[in-house]
């Protein structure tokens, strides 16, 4: 809903069953391929935190989605 994709992964000492992992994995190749650097990684971290903290607020998630779209417009996929 916020336009951010992550993978569910087990984490060390996870108490959740393997088929329902308790962690997420954020793949950096998807953003470095676009030419993003440390500054954008911090921006992405802020967007993830905002989406998680407002996960029940549809309007807030739509705002995050808009920010994600703007970020990806600034860093298009290479052709």
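Nothing in this text is a laboratory measurement; each read-out follows from the coordinates by a stated rule. Keep in mind that what you see is a predicted model, and the values were worked out from it rather than measured. With ideal geometry, Cβ positions are generated from the backbone for all residues, glycine too; neighbour counts draw on all protein chains shown.
Stretching the chain fully between residue 16 and residue 75 yields a gain of 17.6 nm (0.36 nm per residue, less the alpha carbon separation). Using the Cβ-Cβ distance between residue 55 and residue 33 with R0 set to 35 Å, the FRET efficiency from 1/(1 + (r/R0)^6) comes to roughly 0.80. For the chain, the fraction of C-alpha pairs farther apart than 15 angstrom is 63 percent.
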